[in-house]
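Quick notes on the structure that follows.
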Amino acid sequence: MSLHPIDESLFPVLKPYLSSNSIHRHRRRHVTLTYAQSIDSKIAAGKGLRTHISHEETKTMTHYIRSFHDSLVIGIGTLLADNPSLNCRYGEGNRITPIIIDPTFKSMEIFSKESKVEKYKLVENYLNGSGNKPVIVISDDIEVSDDRFNCDIVRIRRNNGDGKLSWNSILNQCEDQFGLHKFMIEGGAYIINDLLLCPDIVDSLIITIGPVFLGENGVSVSPKTPLSLKDVIWWKGISDSVMCSKLK
Ligand SMILES: NC(=O)C1=CN([C@@H]2O[C@H](COP(=O)(O)OP(=O)(O)OC[C@H]3O[C@@H](n4cnc5c(N)ncnc54)[C@H](O)[C@@H]3O)[C@@H](O)[C@H]2O)C=CC1
Ligand SMILES: Nc1nc(O)c(N)c(N[C@@H]2O[C@H](COP(=O)(O)O)[C@@H](O)[C@H]2O)n1
C-alpha cells in the first residue's frame, strides 16, 4: 500500500533534528524520541489498546524519520498492545532493526522457535525475510539459551536501586553487539516518561499532536518532574501539528 504524501515544507523543519542518514560515514550515536499524542497528552485510549492518533500524512512522516535510523526501540507493553511491524516503508530498501526492552522476557513464548502462539508481525517478517532479526533486551539474571529463539538477545544487569535497565548500558551494548548507532525510540508511556528526563540520552524529541481527546482512561505521557524544551519548532499539517525540540 502506498504512503500518503508528505508536504515538502516538513523536510527542512525536521532536518536539524535528524542525524545524517549516511550511517556508514557517521558512527556517532543519535537518539530520537518520537511519538503521537492527543491534546490531553495520551498516547493510547486505554491500557493495552492500539490507538490511531496520527493522520496518514504524519504516519508517513514517522516512516520518513525511521529511514534516518538503523534501529527502532519499543517496550514490551507496546509489543503486546500493538503487534507492530516496526519496518520502514519510506523509500526503498530501508531496513531497521526492532529492539524490544523486556527485562523479564515476557515475550519468550512469542520469539520461541517452538512457539504455539499466533505469529507476531516481527517474527513473521523476520522469518519471511522482509524484516531484520529482532533484538530483545532482557535482564542478565534470566537464563535462556539464545539458539531457541527467533531473535537476538542482549543481557543487561539491572540497577541496584530501582531494578531498571540503564539506557546507557542498553544503547552501548546494542552498539557493541550489532553495530547499531541511530536509535529511534517510539514508546510506550513508561519509556517516554523515563526518557523525557534523560537529556544526556535523547538528542531530539519529535511529537505529533492529533486533534483528539482520549479521555481519562487514556495512557498518559507526563514526566515525574517539570521540563521545558529547547530549540522548539512547530509545523502544522492537514490535521496534526508536529513539535520538534531538544531536551537540552
Ligand atoms: N501513540 C504513540 O505514538 C505510541 C503509543 N504507544 C502505546 O503505549 C502503550 C504501551 O505503553 P506502556 O504500557 O507504558 O508500555 P512500554 O512499551 O513503555 O513498556 C513498558 C515496559 O517495558 C519495560 N521497560 C522499558 N524500559 C525499561 C527500562 N529502562 N528498565 C526496565 N524495564 C523497562 C518494563 O517491563 C515496562 O513495564 C500501548 O497502548 C501503545 O499502543 C506506544 C508507542 C507509541
Ligand atoms: N506515529 C504514530 N502515530 C500513532 O497514532 C501511533 N499509534 C503510533 N504508534 C507507534 O507506531 C507503532 C506501529 O508501527 P507499525 O506501523 O506497525 O510499524 C506502534 O507500535 C507505536 O510505536 N505512531
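Read-outs: derived from the displayed coordinates by stated rules, not from any lab. All values reported here derive from a predicted model rather than from experimental measurement. Here the Cβ positions follow ideal geometry from the backbone for every residue, glycine too, while neighbour counts run over all protein chains shown.
Before moving on, here are some points about what is shown:
- Note on residue 239/residue 128: beta-carbon distance plugged into 1/(1 + (r/R0)^6) with R0 of 35 Å gives a FRET efficiency of 0.55.
- Between the beta carbons of residue 115 and residue 157, assuming R0 = 41 Å, the FRET efficiency works out to 0.90 to the nearest 0.05.
- Once C-alpha pairs closer than 8 Å and six or more residues apart are averaged by separation and normalised to the residue number of the chain, the relative contact order reads 29 percent.
- Coil-residue chymotrypsin sites (Phe, Trp or Tyr not before Pro) of the stretch 209-239, DSSP, other Cβ within 10 Å capped at 13: 213
- Taking Cα atoms only, the orientation of helix 167-178 departs from the longest principal axis of the chain by about 70 degrees.
- Distance in nm between pseudo-label sites at residue 142 and residue 225 (7 Å out along the Cβ direction from Cα): 3.1
- Its Kirkwood hydrodynamic radius, worked out from the mean inverse distance over all distinct Cα pairs, puts the stretch 28-246 at 18.0 Å.
- For the listed residue pairs 121/182; 133/230; 15/121, the alpha carbons are over 27 angstrom apart in 133/230; 15/121.
- Within the chain, DSSP assigns beta bridges of which about 30% are antiparallel (rounded to the nearest 5).
- Loop-resident chymotrypsin sites (Phe, Trp or Tyr not before Pro) (DSSP state other than H, G, I, E or B) in the stretch 77-119 with no more than 12 further Cβ atoms inside 10 Å of their Cβ are absent.
- Mean residue ellipticity at 222 nm, helices only, the chain: -5500 deg cm²/dmol; runs of at least 4 DSSP H residues each add -39,500 (n - 2.57), and the sum is divided by the number of residues.
- Folded to 0 to 90 degrees: helix 56-66 orientation relative to the chain principal axis, Cα: 50
- With the charge dipole of the stretch 148-201 set up from +1 on Lys and Arg Cβ and -1 on Asp and Glu Cβ about the Cα centre, the Cα lying farthest toward the positive end among the listed residues 168, 181, 149 is that of 149.
- Here is the list for the stretch 71-167: GluC sites (Glu not before Pro) lying in DSSP coil, each with at most 12 other C-beta atoms within 10 angstrom of its C-beta, are 92, 114, 118, 143.
- Span from the the stretch 1-68 Cα centroid across to the the stretch 203-217 one, whole angstrom: 12
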